[in-house]
């Protein structure tokens, strides 16, 4: 084998490897965006339960005005979420609003036992549970994709391809600061 | 000579227990079945002393014959009165059509066969009792069906059964019922056996062709049930057998590596693959091997896996320890992988039904 042919083969292999690595990074980046869209889509599913929540709040409006206010806050927060930009801060705020709303709902139910037994409430709680499960799963999938994307641009030789051609930056995973505040231990990343 | 009293008693016990096992319908009957074994005098085991002696003698003779053929001057070492008969015997053995080894090999094979068949008879009954116990503990009912006809019937409903170019059969079929928190359903659990036939033709250096046919046997185990919330969708963690539809990829990169999803309509897939469903399926993939899910056009679900322990497990003790066996029979033994499939199915129903 002549040295020229050997050099040509090596160059071709290197170019093919660069293309494969570049495409893989783009593929993982798109998967992260898609996973983020799923998180937002699941968050917006909350709009489905808001009318039922308002119905419950309206029924007990004279005593539970705060519940209606929390529904409004959640609705406003949902409108701020965008599928186009990865904004974990707004997502975190929305989750806080949802948490506050659920706390308010629990207090209302404790004050009105007949509400707890009502079919609307039972269906509502089942739907809320499923939605929260889906949001939790969507966030875990998003975080896992972010991890794989970050690995994909940081490990060698992908880091070289990324710095020279793809120019993608590491992404931030979603973490629940409210839940993290409950732990004394803080990881020293 | 071949059947000493102990072996005759063991034979009698196994025969009567085997007959009684067919009549067992509940746990109490299964415990009663063990009474003759518990009151059996001595250990429930065959006496194979004679067969082991035959094995030893055969091996000894084979070793001796080997050294004789290698030129060992055995006949010269023997006293005069023994040398001639030994030589005559050796000459006679050489006249046998299959060579001097054949009587020893035959003796060895027969003795080993008797030992193995006796052992498998005992283990077979133990396993049959254990299987009955598993069915009772997991509330499964055995269904008698024509194996090939049943496979054909399933083949009409699911593409999963379009496997094997030679033969398909449902070797075992059970019916059960699952009661979940929100949903309940009847299901059929099966052992699907299919055979691939390969014919290879080879030509040697002299131009002569020879054809060799091989049969490879495979088993897939699974459940079928009316699902109702999804139609025309497949989630394949194992090879496809003609599953149709447009390929669909959820956002999860882990899911994409583990499964191929196909649906007749993209909207069906988009609705079905909720994040929590994706996680449930990824969790299922870690619990079982080569899992495939197929929702057919009627909304029925077929889940298949490669794990034989979906429908049966090996009995940890033998019938020769009847007390231990009875103790195990009295415990509840769940088929964990079957429970896993049923729980996953229930979760899929929960996350696909409508709450309003």
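Scanning region B:302-356 for residues that are out of contact with any strand residue (DSSP E or B) (no Cβ under 7 Å at 6 or more places or on another chain), within 14 Å of chain A (Cβ to nearest Cβ) and in a helix (DSSP H, G or I) yields B:347, B:348, B:349, B:350. In summary, helices (runs of 4 or more DSSP H) completely within region B:1-114 and bearing 1 or more residues that are outside the structural domain of residue B:332 (by TED's automatic domain parsing) and more than 33 Å from the chain's Cα centre (by Cα) occur at B:5-23, B:49-69, B:74-77, B:80-95. Annotation note: of B:203, B:216, B:260, the sole residue that is more than 14 Å from every other protein chain (Cβ to nearest Cβ) and more than 22 Å from residue B:305 (Cβ to Cβ) is B:203. Of the helices (runs of 4 or more DSSP H) lying entirely inside region A:73-189, the ones with 2 or more residues being over 19 Å from the mean Cα position of the chain (by Cα) and within 14 Å of chain B (Cβ to nearest Cβ) are found at A:119-154.
Residues that are free of Cβ contacts under 8 Å to residues at least 12 places away in the same chain, exposed (fewer than 12 other Cβ atoms within 10 Å of the Cβ) and either farther than 29 Å from residue B:112 by Cβ or in contact with a strand residue (DSSP E or B) (Cβ under 9 Å, 6 or more places away or on another chain) (or both) within region B:21-75 comprise B:22, B:23, B:25, B:28, B:39, B:71, B:73, listed in sequence order.
The values are calculated or read from the model by the stated rules, or taken from the named source; none is laboratory data. Just so it is clear, the structure is predicted and the values come from calculations on it, not from any experiment. For neighbour counting, all protein chains shown are included, and Cβ atoms are generated from backbone atoms with ideal geometry for every residue, glycine included.
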